[in-house]
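The structure appears right after this line, and notes come after that.
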Amino acid sequence: MDSNIIHINFNLPEYDHLLEYRSLYDYVNSRYVKDKENFVCIDEVQMCAGFEKAINGLHAADGVLKSIYVNYLQEHAKREKERFLDGIRE
C-alpha cells in the first residue's frame, strides 16, 4: 500500500496559519488520501495552541490516520508538568 506523509514544522513561517488547534486539525484532514497509509509528522507541536485537541481528534477519527508522530519540546513539557503540580499543591 502506498503512503501519504503529512509533515508540519512549526519552526517554519509557512505553517503560522496552523497555530490554532482547529486549523491544524482541518489542515491534516484536508490532506488525508483515501486508500493510502496516512502518516502525520509534526515538529514543535507545542507551538500550536490547544494542539492536544487536534491530536486527540485525529486519533479518534475512524481510520483516518495510520500514525501521528510529534516532536514536543522537552522544556515545554517540564514547565507544563510543574504548572500541573503547582495546581495540585494549592
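Would you tally the net charge around residue 12, using a Cβ to Cβ cut-off of less than 11 Å, leaving residue 12 out, and scoring K and R as +1, D and E as -1? Present the calculation step by step, with values, prior to reporting the outcome.
Values: positive: none; negative: 14, 16, 43, 44.
Every neighbour counted, the sum reads -4.
Among 40, 45, what is the fewest-to-most ranking by other Cβ atoms within 10 Å? Before the final figure, lay out each step's value.
Details: 40 24, 45 21.
Starting with the residue having the fewest Cβ neighbours, the order is 45, 40.
With θ set to phi - 60° and the Karplus curve 6.51 cos²θ - 1.76 cosθ + 1.60, what are the ³J(HN,Hα) couplings of region 42-48 in order, to the nearest whole Hz, using x for Gly and Pro?
10, 8, 6, 4, 5, 6, 8
Quick one: which residues, 5 or more positions from residue 42 or on another chain, have an amide H under 5 Å from its amide H? H modelled 1.01 Å from N in the peptide plane, none for Pro or chain starts.
Correct list: 8, 69, 70, 71.
Find, among the chymotrypsin sites (Phe, Trp or Tyr not before Pro) in region 1-34, those assigned to loop by DSSP (not H, G, I, E, B) with at most 14 other beta-carbon atoms within 10 angstrom. Walk me through the numbers on the way to the answer.
On the way: sites: 10, 15, 21, 25, 27, 32; in loops: 10, 32.
Sites meeting the loop and neighbour criteria: none at all.
Which loop-located trypsin sites (Lys or Arg not before Pro) does region 1-39 contain, where loop means any DSSP state but H, G, I, E or B and the Cβ has at most 12 other Cβ atoms within 10 Å? Show your work: numbers first, answer last.
Numbers: sites: 22, 31, 34, 36; in loops: 31, 34, 36.
When the trypsin sites (Lys or Arg not before Pro) of region 1-39 are filtered for loop state and at most 12 Cβ neighbours within 10 Å, 34 remain.
Throughout, read-outs are computed from the coordinates displayed, never taken from laboratory work. All values reported here derive from a predicted model rather than from experimental measurement. Don't worry about glycine lacking a Cβ; one is built from the backbone with ideal geometry, like all the others, and counts go over all protein chains shown.
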